[in-house]
Amino acid sequence: MKNTSIDTKFLREIVSDDKEFEKELFSIFSENAHRNFIKMEESIKNQDNNSWYMASHAFKGAAASIGAFGLSMLLEHAQQFPEESFEEKNELMKRIHAEFRLVLDFINEETL
């Protein structure tokens with residue numbers, strides 16, 4: 001089954017079939033995304049709504065920049081509702097994690 005977690009048409013328009021640029025873009029995304037994912041998890045534990053907002057905002061932009069629009073939409077929801085309960089944030093993080101995993105799988109397939 002084809003991984004559609006990234007809009008490949010959008011991605012191709014950005015990178016213009018420049019594989020080195022694509023690898024660099026994916027590398028920057030992966031590094032920033034992992035960092036912001038961890039910040040989001042920590043913000044739940046610390047009940048820090050501002051950190052939740054800031055991390056989800058940064059993560060959302062990074063996802064959109066590579067065409068990971070499904071992930072970006074989940075992060076948009078996270079950003080818009082920083083006051084959600086502990087349980088709601090944990091449930092949303094499960095969905096974000098699942099979509100993030102698909103994006104990383106796509107990246108790994110593309111950069112082999």
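A short reminder: the numbers here are calculations on the coordinates, not readings from a lab. Just so you know, these numbers come straight off a predicted model, no measurement behind them. Cβ: placed from backbone, ideal geometry, glycine included. Neighbour counts: every protein chain shown.
Quick notes on this structure:
- Rounded to whole Å, sorted largest first: equivalent-ellipsoid semi-axes of the chain, Cα gyration tensor: 27, 13, 11
- Given +1 at the Cβ of Lys and Arg, -1 at the Cβ of Asp and Glu and no other charges, the dipole of the chain around its Cα centre is 100 debye to the nearest 20.
- For region 1-63, a Kirkwood radius taken over Cα pairs fed into Stokes-Einstein (25 °C, viscosity 0.890 mPa s) yields D = 187 µm²/s.
- Range of Cα positions in region 27-66 per principal axis (Å), largest first: 30, 14, 7
- Once the Cα atoms are used to define both axes, helix 49-65 deviates from the longest principal axis of the chain by about 10 degrees.
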